[in-house]
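Chemist: Once you've had a glance at the structure underneath, I'll fire off some questions.
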Amino acid sequence: MGMLRSFFLSAGAVAAVSGVLALLLVIADATIANYGEITITINEKKELKVRGGASLLSTLMGQGIFIPSACGGRGSCGLCKAKVIKGAGQYLPKEIEFTAGHFIQFMAPGYELTEEPVYRAYSVASPPSIKNRIELEIRLVPDGICTTYVHKYLKAGDEVLFNGPYGEFYLRESGREIFFIAGGSGMAPIKAILMDMADRGINRKTRYFFGARSKKDLFLLGEMKKLEERLEDFKFIPALSDPQPEDNWDGETGLITDVVSNSLKSGENVEAYLCGSPGMINACVKVLTERGVPEERIFYDKFG
C-alpha cells in the first residue's frame with residue numbers, strides 16, 4: 001500500500017451566524033443596499049450597463065449570455081468559468097458546511113503528468129464542527145495524477161481549488177448497533193463520522209473494523225484510541241491479512257470479511273457503513289447479508 005498523506009485545506013469563516021441573521025441580510029440587501037449601475041466589459045468588445053449587487057452568473061443570464069452551470073451559481077459544480085480581469089474586488093471568505101461522510105472534488109492543475117486540470121473525489125476526514133478547513137487522507141498511487149501532485153508537487157501555502165461537498169454517505173439517525181468497515185484511504189469518511197458522533201454526544205454501540213496487509217499499513221491509531229476514550233461504547237478493531245514477523249502482531253489476523261463474520265452473530269439490529277475498494281465492499285456486503293443485515297441498512301462508497 002502506498003504512502004498516505006494527511007493535509008488541511010483552509011477557508012475563512014465569516015458566514016452568517018444563524019438562519020435568522022441570513023434572512024435579515026437578504027431583506028436589507030434587497031430594500032436598503034444600493035450598489036448603483038455598473039459597467040461590465042466582455043472580451044473588450046461588449047459593454048453591459050447593469051445594476052450592481054447580483055452574482056455575475058445571474059447578471060449575464062439576464063442579459064442573454066449563458067455560461068454552463070449545473071448548480072445555478074451556488075459554487076458547487078465547477079462548470080461555470082469566467083476570468084475577471086479587474087474590478088471584482090476581493091473574494092469573500094466562506095465557511096465550509098458539510099455532513100460527516102461527504103466528499104469534495106479536488107483539482108490538480110496541469111503539470112508534468114497532465115496538460116489539463118484533473119478533478120478527483122476525496123472524502124472529508126475532519127468533522128463538520130471544524131468549519132474553516134477540511135482534512136483529506138490521500139494515499140500515494142504510482143503515476144496517479146492527483147495523488148502524485150499532492151505528494152510531490154503541492155507545498156504548504158499553495159492555493160488549491162476544490163468544489164463540493166457531495167454524497168449520500170452519512171450516519172443515519174437510529175438506535176441500531178453500528179458496524180464500520182474500511183481499508184486504506186477508506187478511513188477518511190468514517191473517521192469524520194466518528195469525530196462528529198463524539199462532538200454531538202452520540203453514544204450508540206459502535207465497532208470499526210479496519211483491514212490492512214501488515215502493521216506498516218496501519219495509521220491514525222492514536223486518533224482511534226482517543227475516540228475510544230471519547231465514545232462510551234466504541235471499539236476500533238484493526239486486522240492484518242499478512243502480518244510480518246517484525247510486526248509482533250497479537251491482534252486480529254486474516255481477511256477483514258472473516259473478522260467481521262466471526263464478530264457478527266446477528267444482523268437483526270445492525271446497520272453497516274463500508275468504505276474501500278469495490279472488491280472489499282462486495283465481499284463485505286455478502287457477509288453482512290448472510291448474517292442478517294438487510295441490504296437497505298448497508299451504506300457504502302466504493303473507491304476505484
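Every number here is computed from the coordinates shown, using simple stated rules; none is lab data. Please read all numbers here as calculations on a predicted model, not as lab measurements. No Cβ is skipped: glycine too gets one built from the backbone with ideal geometry, and neighbour counts run over all protein chains shown.
Chemist: Pop out the ³J(HN,Hα) list for segment 144-159 in order, Karplus 6.51 cos²θ - 1.76 cosθ + 1.60 with θ = phi - 60°, rounded to Hz; leave Gly and Pro as x.
Modeler: Along segment 144-159, the couplings run x, 5, 6, 5, 5, 4, 5, 7, 10, 10, 5, 10, 4, x, 5, 7 Hz.
Chemist: Sticking with this structure for a sec: Take each of the peptides 204-210, 128-134, average the number of other beta-carbon atoms within 10 Å over its residues, and list them starting from the highest.
Modeler: Numbers: 204-210: 21.1, 128-134: 17.1.
So the peptides 204-210, 128-134, ranked by packing, come out 204-210, 128-134.
Chemist: Same structure, new question: When the Karplus curve 6.51 cos²θ - 1.76 cosθ + 1.60 is applied with θ = phi - 60°, which whole-Hz ³J(HN,Hα) does each residue of segment 242-253 get, with x for Gly and Pro?
Modeler: 9, x, 8, x, 6, 6, 6, 7, 10, x, 5, 10
Chemist: Quick one: which residues, 5+ away or cross-chain, put their amide H under 5 Å from the amide H of residue 267? H built at 1.01 Å from N.
Modeler: 292, 293
Chemist: What's the ranking of 160-173, 38-51 by average number of surrounding C-beta atoms within 10 Å, highest first?
Modeler: Highest to lowest by the protection proxy: 160-173, 38-51.
Chemist: What number comes out for the charge environment of residue 212, summing +1 per Lys or Arg and -1 per Asp or Glu over other residues with Cβ under 13 Å away?
Modeler: Numbers: positive: 139, 213, 215, 216; negative: 217, 242, 247, 252.
Surrounding charge for residue 212 is 0.
Chemist: Where does each of 174-182, 229-237 land if you order them by average Cβ count within 10 Å, highest first? Kindly include the intermediate steps, with their values, before the conclusion.
Modeler: Details: 174-182: 20.1, 229-237: 15.4.
Those peptides, ordered most packed to least, come out 174-182, 229-237.
Chemist: Also, I was wondering about something else. Exceeding 27 Å between C-alpha atoms, which entries from my cross-link table qualify? They are 46/86; 152/215; 152/286; 216/265; 155/226; 155/225. Let's see the in-between values first.
Modeler: Values: 46/86 16 Å; 152/215 25 Å; 152/286 38 Å; 216/265 30 Å; 155/226 29 Å; 155/225 30 Å.
Pairs exceeding the cut-off: 152/286; 216/265; 155/226; 155/225.
Chemist: Give a residue-ordered list of calculated ³J(HN,Hα) values for segment 171-187 (Karplus: 6.51 cos²θ - 1.76 cosθ + 1.60, θ = phi - 60°; whole Hz; x for Gly, Pro).
Modeler: Values per residue, Gly and Pro as x: 6, 7, 7, 6, x, 6, 5, 10, 10, 9, 9, 8, x, x, 6, x, 4 Hz.
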